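Here the structure comes first, spelled out in structure tokens, and everything after it is commentary.
The values are calculated or read from the model by the stated rules, or taken from the named source; none is laboratory data. Treat the numbers as computed from the prediction; the structure is a model and nothing was measured. Here the Cβ is made from the backbone with ideal geometry for all residues, glycine too, and neighbour counts use every protein chain on show. Remember, those area values only see protein heavy atoms, side chains included, never the ligands or the DNA or RNA. Shrake-Rupley method; radii C 1.70, N 1.55, O 1.52, S 1.80 Å.
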Amino acid sequence: MNSAVPVIQAKNLRKSFNGFEAVKGIAFSIARGECFGFLGPNGAGKTSTMRMIYCFSPVSAGKLEVMGMDVMRAARKIKAKLGVVSQEDNLDPDLTVLQNLVLYATYFDVPTSEARRRAEELLTFLSLQEKRHQKIDKLSGGMKRRLMIARALINSPEVLILDEPTTGLDPQARHLIWDKLRALKAGGVTMVLTTHYMEEAHRLCDRLVIMDHGKILTEGEPGALVEKYVGREVLEIRASHGILQTLKNSIDTEAGHAARETELVGDTLYVLIREPDGTLLEKVPEIQKFDFHLRPASLEDVFLKLAGRELRD
């Protein structure tokens with residue numbers, strides 16, 4: 001396939017369930033060899049989008065092509081070239097680690113000898129070689145996630161679908177999986193990722209979209225989105241709500257405030273800063289009387305600014 005042709009492309013993509021429109025006419029394209037992320041709060045439509053990409057759920061309207069094939073006409077051919085790591089642990093508990101991989105390979109008509117060779121290579125790649133004869137219930141959460149990635153790679157897929165691949169894992173396991181995913185990307189594997197970890201998205205994704213209420217709010221490179229929507233730094237100031245409201249008014253009316261935005265949430269005032277370090281603290285010295293923390297702006301700040309801070313079920 002021509003590297004200039006998108007591996008995945010959607011136009012006016014829609015998904016409805018019993019009259020509820022979960023995905024509302026979105027458009028995106030994913031290039032060969034990149035890691036593309038879908039971010040959004042619960043109910044944003046990202047999982048519905050992912051399920052249409054890997055042909056688990058039919059398209060309600062619009063156009064969706066994967067590797068140049070229409071998902072509604074060539075689902076079987078598309079699935080043969082995909083690797084899918086779902087949120088749920090759906091490994092076979094009655095089989096060993098190695099048996100899980102070899103059996104799964106048969107679904108793609110991989111000969112047994114070749115399946116065992118690939119399985120051994122993947123177990124080594126994902127640091128599971130010493131667990132090859134263990135039953136699934138003897139594995140830690142991190143080992144199970146790595147095994148699910150190994151299983152998704154057993155058919156040598158062109159595209160790897162990762163639905164929250166490190167949810168619930170400790171930092172060590174998460175970093176190990178990040179290292180392995182970066183190695184896969186360096187090897188030319190295209191990856192499509194959903195995650196609630198903003199650091200994960202920033203570390204892995206070349207580009208991403210933030211979705212909410214079935215629509216795409218923004219798209220771009222993680223660093224560029226941070227610069228566009230937030231700026232250089234975020235100042236967090238903590239005090240009682242009444243005091244912070246007065247301080248917010250001072251910051252909002254201070255000369256040159258166009259370089260900043262403020263948001264008061266409970267006992268914390270957030271100030272998004274685009275100007276050089278220290279300028280705000282010099283112009284509004286009363287800030288230093290409070291408990292404050294100046295930190296680099298992050299993708300999480302972008303997410304909260306666009307999708308809001310309210311809790312979603």
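Largest GNM mean-square fluctuation among Leu204, Leu281, Leu82, using the chain with Cα springs under 10 Å: Leu281. Per-residue ellipticity at 222 nm, computed for the chain from helices alone with -39500 (n - 2.57) per DSSP H run of at least four residues, works out to -10000 deg cm²/dmol. About its Cα centre, the stretch 1-149 has a charge dipole of approximately 320 debye under the convention of +1 per Lys or Arg Cβ and -1 per Asp or Glu Cβ, with nothing else charged.
Ranked by the mean number of other Cβ atoms within 10 Å per residue, highest first, peptides 86-99, 138-151 order as 138-151, 86-99.
How high is the FRET efficiency from Gln129 to Asn42, r the C-beta distance, R0 30 Å, rounded to 0.05? Step by step, r from the Cβ atoms, then E = 0.20. Most simply put, the stretch 1-160 has about 90% antiparallel DSSP beta bridges, counting only bridges with both residues inside it.
Using a 1.4 Å probe on the protein heavy atoms, what percent of the accessible area of the chain belongs to carbon and sulfur?
Details: 7410 of 14970 Å².
Summing carbon and sulfur atoms, their accessible area is 49 percent of the total for the chain.
Each Lys and Arg adds +1 at its Cβ and each Asp and Glu adds -1 at its Cβ; summed about the Cα centre, the chain shows a dipole of about 1280 debye. Extension gain for the segment Glu263 to Arg76, taken as residue separation times 0.36 nm less the Cα-Cα distance, is 62.4 nm to one decimal.
What does the extension gain come out to for Asp94 and Phe108, with contour length at 0.36 nm per residue minus their alpha carbon separation? Could you put the intermediate results ahead of the total?
Numbers: separation 14, 0.36 × 14 = 5.04 nm, distance 2.08 nm.
The span from Asp94 to Phe108 would gain 3.0 nm if fully extended.
All Cα-Cα distances of the stretch 182-313, cut into 10 Å bins from zero to the largest, leave 11, 37, 29, 17, 5, 1 percent in each bin in turn. Out of these labelled values of semi-axes √(5λ) of the Cα gyration tensor in Å, (1) 27, 21, 20; (2) 33, 30, 19; (3) 42, 23, 17, which was calculated from the coordinates shown here? Only one listed value fits the structure, namely (3). FRET efficiency for the pair Thr279 and His196, taken as 1/(1 + (r/R0)^6) with r the Cβ-Cβ distance and R0 = 45 Å, rounds to 0.85.
Against the chain, whose longest principal axis comes from its Cα atoms, helix 171-186 is set at around 70 degrees. Computed from the C-beta positions of Ser16 and Gln172, the FRET efficiency with R₀ = 30 Å rounds to 0.10.
Here's the list of lysines a cross-link from Lys283 could span, going by alpha-carbon distance under 30 Å and ignoring same-chain residues fewer than 8 apart: Lys228, Lys248, Lys305. Of Lys11, Lys131, the order by accessible heavy-atom surface (1.4 Å probe, DNA, RNA and ligands excluded), from most exposed downward, is Lys11, Lys131. Entry note, the stretch 1-64: relative contact order of 41 percent, from Cα contacts under 8 Å with a spacing of 6+ residues. Protection proxy ranking of 62-72, 240-250, by the mean of other Cβ atoms within 10 Å over each peptide's residues and highest first, is 62-72, 240-250. Taking every alpha-carbon pair under 8 Å whose residues sit at least 6 apart, the stretch 113-235 reaches a relative contact order of 18 percent.
For the chain, give me the percentage of DSSP beta bridges that are antiparallel, rounded to the nearest 5 percent. Please list the in-between numbers first.
Details: 39 of 56 bridges.
Here the antiparallel bridges make up roughly 70 percent for the chain.
The Kirkwood radius of the stretch 83-156, taken over pairs of alpha-carbon atoms, gives through the Stokes-Einstein law at 20 °C and 1.002 mPa s a diffusion coefficient of 180 µm² s⁻¹.
Just reorder Ile273, Ile216 by solvent-accessible area, largest first, 1.4 Å probe, all chains present. Each step should come with its number before you reach the end.
On the way: Ile273 10, Ile216 50 Å².
Greatest to least solvent exposure: Ile216, Ile273.
Just how large is the dipole of the stretch 159-313 about the Cα centre, in debye to the nearest 20, putting +1 at every Lys and Arg Cβ and -1 at every Asp and Glu Cβ? The calculated dipole for the stretch 159-313 is roughly 260 debye. Accessible surface computed residue by residue for the chain, with neighbouring protein chains in place and a 1.4 Å probe, gives 48 Å² per residue. Relative contact order of the chain, taken over Cα pairs closer than 8 Å and 6 or more residues apart, is 20 percent.
Quick one: work out the % antiparallel among DSSP beta bridges in the stretch 126-275, nearest 5. Don't skip to the end; give the middle numbers.
Details: 17 of 22 bridges.
So the antiparallel bridges amount to about 75 percent of the total.
For the stretch 179-276, run through the GluC sites (Glu not before Pro) and keep only the ones in DSSP coil with at most 14 other Cβ atoms within 10 Å of their Cβ. Here the sparse-neighbourhood loop sites are Glu254.
For Glu219 and Ala31 in one chain, what is 0.36 nm times their gap in residues minus the Cα-Cα distance, to one decimal in nm? Don't jump to the answer; show the numbers that get you there.
Numbers: separation 188, 0.36 × 188 = 67.68 nm, distance 1.40 nm.
66.3 nm is the gain from fully extending Glu219 to Ala31.
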